[in-house]
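For reference, the structure discussed in these notes is given below.
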Amino acid sequence: MSPGLIMNLDMFPQQLQSLQGRLANLYQDANTALQPEANLLLAALKELDTASKILEIATQKLFEQTQKIGKCTSTA
C-alpha cells in the first residue's frame with residue numbers, strides 16, 4: 001500500500017468525526033429556526049447523520065480488513 005494512501009486512511013476517521021460534529025451543529029441550528037423550511041432541513045440532516053454513521057461503521061470494517069490483509073501479506 002502506498003504511504004499516501006495509508007496517510008489518507010489514517011486521517012479519514014478524524015475527517016468523518018469532524019463531519020458528524022458539523023452535522024450536529026447544523027441540526028441544532030436548524031432545530032431552533034422558526035422557518036417552515038426547517039422541517040425539510042431537519043429531515044435532510046437526519047438522513048445525512050444516518051449516512052455518516054453507516055460510513056463510520058464501514059470505515060471501521062474496512063480498516064480491520066486492511067489490517068488483516070497486511071498481516072497475511074507480511075507473513076507470506
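Taken together, the values in this text are just the output of simple stated rules run on the coordinates, not laboratory data. All figures in this text were calculated on a predicted structure; none of them were measured in a lab. Neighbour counts run over all protein chains shown; Cβ positions are idealised from the backbone, glycine included.
A few remarks follow.
- Proximal charge balance of Leu42 [Cβ under 13 Å; K/R count +1, D/E count -1]: -3
- Local net charge near Arg22, Cβ-Cβ under 11 Å (Lys/Arg +1, Asp/Glu -1): -2
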